[in-house]
Amino acid sequence: MAIGSRNKVNAQFSMSSMTDIVFLLLIFFMVTSTQIAPNGLQVTLPKSSSQMSERPTVSVSINSSLQFAVNTEIVPFEELETRLLSILKNQPEPTIVLRVDTDVPTGETVKIMDIANRNRWKFVLATKP
């Protein structure tokens, strides 16, 4: 009398559930990455055909009402240089990205550029492509 099992073990593995999880994670990260706003002030950037190649270490924004922001924190102009010094003191190649509204007078942008030149920091002017 031969006793055997009627159910045989299948050695195949189904990848469909794994691919579903990977696609869900991909969609999640794509949606959340577009919601990240690196700037603290809403500014209307000028248009340009060139693109930035370096990754900036700090962002300085100036809006049309002449408010200054370092990354996401609004800072008075008198405290701007000391705040930048404290943020960029340990950076090997400190780089500032200037996010300036189109309605801001050029003199205000030059003030930030002067701070960067005085401290020998690199700076990039952000534009819309």
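Computed from the coordinates by the stated procedures, all read-outs in this text should not be read as laboratory data. Keep in mind the model is a prediction, meaning the values are calculated, not measured. Note that we place each Cβ from the backbone using ideal geometry, even for glycine, and neighbour counts take in every protein chain shown.
For this structure, a couple of remarks:
- Residues of the stretch 89-129 satisfying the condition of being farther than 11 Å from residue 59 by Cα, free of Cβ contacts under 8 Å to residues at least 40 places away in the same chain and outside any loop (DSSP other than H, G, I, E, B): 106, 107, 110, 111, 113, 114, 115, 116, 117, 118
- The conditions of being among the β-branched types (Val, Ile, Thr) and surrounded by 14 or more Cβ atoms within 10 Å (Cβ to Cβ) are not met by residue 74.
- Subset of the stretch 68-87 that is outside any strand (DSSP E or B) and touching a strand residue (DSSP E or B) at 6+ places or on another chain (Cβ under 6 Å) - its residue that is farthest from residue 106 (Cα to Cα): 87
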